[in-house]
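Readers should treat all values here as calculations from the given coordinates under stated rules, not as data from a laboratory. On a predicted model such as this, the values are computed, not experimentally measured, just so you know. We place every Cβ from the backbone using ideal geometry, glycine too, and count neighbours over all the protein chains shown.
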Amino acid sequence: MKEQEKIESGLYLPMIEDFYTLQGEGFHTGKAAYFVRLGGCDIECDWCDTRISWDASTKDLTSIEDIVSKVAAAPAKAIVVTGGEPLLYNLSPLCDALNEESVETYLETSGAHDLTGEWDWICLSPKRNHPPLNDIFILANELKVIIANKDDFKWAEENAAKVDKTCHLFLQPEWSNFEEIMPVIVEYVLHNPKWQVSLQAHKFMRIP
Ligand code: SF4
């Protein structure tokens, strides 16, 4: 199979990083999970802290069997698939294989591309540069909006208006602007308590 055919089949994915750690952000903060970072992203956030993920060609493709066997061997039996933007790829075969092994599946996505795969949990983190497609809003379990400046609150509310009422709402400070924006977020949540604060707790715990 050629590289492009392998990717289109969903049987191979451009995994650029994988590690067993604790979820650092959002609803599942503090829970152990196996992280799989897929390379490639067309969103280009100015403040991106995972630019190493933008180029998918830095590593050989990985078969989903290899991914599943690593995740299944981890004590937590839970996977977080992140990026980059993982929905650049067909994730249905990976999800099917993980579901067969009874692994809990968590997706982190901007929602800018069609959803593939059946997930136990979808964290939708919308980006202004490339807004989510409409279909994913109703499926999101968690909406996590990065706040870099005061204008981002309006963006957060526009997205919150589209998700299901059961969706958990999080505002997360943009890391490089933490000192300036954190007090503003605290004040906003005090006045708008449907939101909760999400911190990048892994950075405070000094874990990946
Ligand atoms: Fe970086 Fe994520 Fe934005 Fe892509 S979507 S540029 S990986 S922060």
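For residue 63 and residue 207, compute 0.36 nm times the residue count separating them, minus their Cα-Cα distance, and round to one decimal in nm. List each step's numbers first, then the result.
Numbers: separation 144, 0.36 × 144 = 51.84 nm, distance 2.64 nm.
Going from the current span to full extension adds 49.2 nm.
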One checks the Cα atoms of the chain and finds Rg and Dmax, in Å, of 16.7, 56
Hits in segment 70-89: amide N under 14 Å from the 7 Å Cα→Cβ extension of residue 55, namely none
What Rg and what Dmax come out for segment 1-103 when only alpha-carbon atoms are used, in angstroms?
-> 13.5, 40
Gap in Å between the Cα centre of segment 89-165 and the Cα centre of segment 174-208?
-> 19 Å
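Between beta-carbons, use under 10 Å as the cut-off and find the net charge around residue 200, counting Lys and Arg +1, Asp and Glu -1.
Details: positive: 203; negative: 25, 49, 174.
Summing Lys/Arg as +1 and Asp/Glu as -1 gives -2.
Going by average Cβ density within 10 Å per residue, which order do the peptides 94-107, 145-158 take, highest to lowest?
For the peptides 94-107, 145-158, the packing ranking is 94-107, 145-158.
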Segment 24-169: Lys pairs at Cα distance under 29 angstrom, eight or more positions apart or on different chains | 26
For the chain, what is the relative contact order in percent, using Cα pairs closer than 8 Å and at least 6 residues apart in sequence?
-> 18 percent
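Mean shadow of segment 87-136, computed from the convex hull of its alpha carbons, in nm²?
Numbers: hull surface 12.8 nm².
Spelled out: convex hull of the Cα atoms, projected over all directions, averaged, 3.2 nm².
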